[in-house]
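> Have a look at this one before I ask anything.
Read-outs throughout are calculated quantities, based only on the coordinates presented, and are distinct from any laboratory measurement. Here the structure is a predicted model, which means the values were calculated and not measured. Note: ideal-geometry Cβ built from the backbone for every residue, glycine included; neighbour counts use all protein chains shown.
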Amino acid sequence: MTEGMKDLPAGKRVFFVGIGGISMSGLARIACNYGLIVGGSDMHPSERTHELEGIGVKVYDHHSEENIKEFAPDIVVHTAAILPGNPELDYSRKNGLTVMERSVFLGLITKNFANVINISGTHGKTTTTSMVSLILLESGANPTVHLGAELDAFGGSVYLGSKDQLLVSEACEYHRSFLEFYSTIAAITNIDYDHVDCYSSIDEVIDVFAEFTEKLSPEGTLVIPAGDKNVQECVKRIPACRAKMGMEEPRIMTTGLEGEGLDFYKREPDFCAVNVEFTDGKAGFDVLYKGRPYTHIQLAIPGKHNIYNALTAIACASLAGGNHEAAQKALSSFTGAEGRFTIKGTFKGAMVVTDYAHHPSAARATLDAASHVPHNKTWVVFQPLTFSRTKVLFEDYVTSLLPCEDVFFDEIFSDREVNPGDISSKDIADEINKRGGHAIFFESKDQIVEKLSSVVSKDDMILILGPEDIRALGDRLVSMEQ
């Protein structure tokens, strides 16, 4: 339809179905910044929808074809999570309106910028994108930023900088969304088996990440972790993908700890972390660039996995004009995006921490990070995300959570699947208990709160893992203390 946002002149009307979502609300703000007239619908009014209304966005609190008739949009944008039969989409298609998925609209935005940094990967996208953005801002750049979470420094999920010079954005592989995105710098943080409703195997996931590089400009750079075996396999497949587009292999910049990837790349990582030391779970390390001292980093967020996120961010930012002083300063003060090891406050003297770690691998990394933060007993509250993921990765869920002292399960959450009736969080809890662990399934969040009230003690940690539905419990617990 178009080659970029420049082809959507000011005054065009865009309607977002599901406008209250993190990504959609951010896109709505970017659209407003381009002078488009924006409206949308969401069945769950929230602070985000209220803020959109405050900048002139027309928000409907229900889905109806009457909304489309009244708003009269030129373009209707929706997420992949919108279920079939949505009356707004049905009416729009029936009446010949231009309807596009969220990723296509974001793809149009990427084509409007001279330089685009897209951060992809199964885990760590939001944290790494945040880090890149803050380093660039500290360096004096003025990027437009699109995040999948709230960031205090932005007061939301977007930063509205230049309209055509530099964009920093997350690039998600769900439903192959990121294949729409143009890049001049692309990063893959890691590759793991996820989104099982879209991909039948890890092999298929690796394939789609290789395809992602087809939209990386001929002069672009791909930033990857040297030690990730699935990424290494992806690198083998990239030449064939690029050849289809008439392009040579991209320039590759590697990141990692000393000694990683030597068997594959035959050299140390380009951006390499050495002399790693942990204080209360937070890493301090020296960074070498091609063997020479670059900077020293002291992270303010815990976990070994954040060393890798930081290295990827430093590499991407350096390619876009970021400098080592800015990296040192920005990362030392970065305390995380919302929902990524976020300390919410206390409940009965226990630290309340929320994290989006809904995938077994992410849960392992977060549990390891939490283990190095000084506290007494850990109480884990866990909610799996989507029924299909829980079924396919069932064994991984069991083994990742089995070592927990105590884990309290809420029922599986999904806003894009119908409950098949053959899988429950209770099944994970039962299997953990069969193997000698200690897990309890609760039928309501009220019961979880009641249980926590009776067992937690001062200086414990309540670690709430999963989607926003369960992370909201953190705010609830903290509010009970006030």
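> What's the Cα-based Rg to Rh of segment 202-322, Rh via Kirkwood?
We get a ratio of 1.00 for segment 202-322.
> Something else about it: Sorting check: for 164-170, 387-393, 258-264, which peptide has the highest mean count of neighbouring beta carbons within 10 Å, and how do the rest follow?
164-170, 387-393, 258-264
> Would you pull out the residues with amide H under 5 Å of Ser157's amide H, same chain only if 5 or more places away, H placed 1.01 Å from N?
Hits under the 5 Å cutoff: Leu151.
> OK, next. I want to make sure I understand the PRE zone here: with the label point 7 angstrom from the Cα of Glu204 toward its beta carbon, which residues in segment 413-427 have backbone N atoms less than 17 Å away?
The answer is 417.
> Let me know the number of lysine pairs in segment 1-143 closer than 16 Å at the Cα, not counting same-chain pairs under 8 apart.
5
> Further question: Antiparallel DSSP bridges in segment 290-413: what percent, to the nearest 5?
50
> If you build the convex hull over the alpha carbons only and average its shadow over all orientations, what do you get for the chain? Give it in nm² to one decimal.
22.6
> Follow-up. D for segment 342-480, whole µm²/s, Stokes-Einstein with Kirkwood Rh over alpha-carbon pairs at 4 °C and 1.567 mPa s: what number?
Value of D from the Cα-based Kirkwood radius: 87 µm²/s.
> Of Lys163/Lys236; Lys426/Lys458; Lys282/Lys458, which pairs sit farther than 26 Å apart, going by alpha carbon to alpha carbon?
Lys163/Lys236; Lys426/Lys458
> I'd like the distance between the alpha-carbon centres of segment 364-425 and segment 222-247, rounded to an integer number of Å.
For segment 364-425 versus segment 222-247, the Cα centre distance is 32 Å.
> Another question, if that's okay. How much length is gained if the chain between Asp459 and Lys329 is pulled fully straight, taking 0.36 nm per residue apart and subtracting their Cα-Cα distance, in nm to one decimal?
43.8 nm
> Report for segment 219-317 the percent antiparallel among DSSP-assigned beta bridges with both residues inside it, nearest 5.
65
> Further question on the same structure: Fewest Cβ neighbours within 10 Å first, please rank His359, His63 accordingly.
So the residues, fewest neighbours to most, are His63, His359.
> With each pseudo-label sitting 7 Å past Cα toward Cβ, what's the Ala300-Ala81 distance in nm, one decimal?
Placing both labels 7 Å beyond Cα along the Cβ direction yields 2.8 nm.
> Among the aspartates and glutamates, which have Cα under 15 Å from the Cα of Lys290 when same-chain residues fewer than 8 positions away are ignored?
Those aspartates and glutamates meeting the cut-off are Glu258, Glu260, Glu268, Asp270.
> Count the DSSP beta bridges whose two residues both fall in the chain, then state the antiparallel fraction as a percent rounded to the nearest 5.
Roughly 30 percent of the DSSP beta bridges within the chain come out antiparallel.
> Still on this model: Looking only at Cα atoms, what is the convex hull volume of segment 123-260 per residue, in Å³?
124
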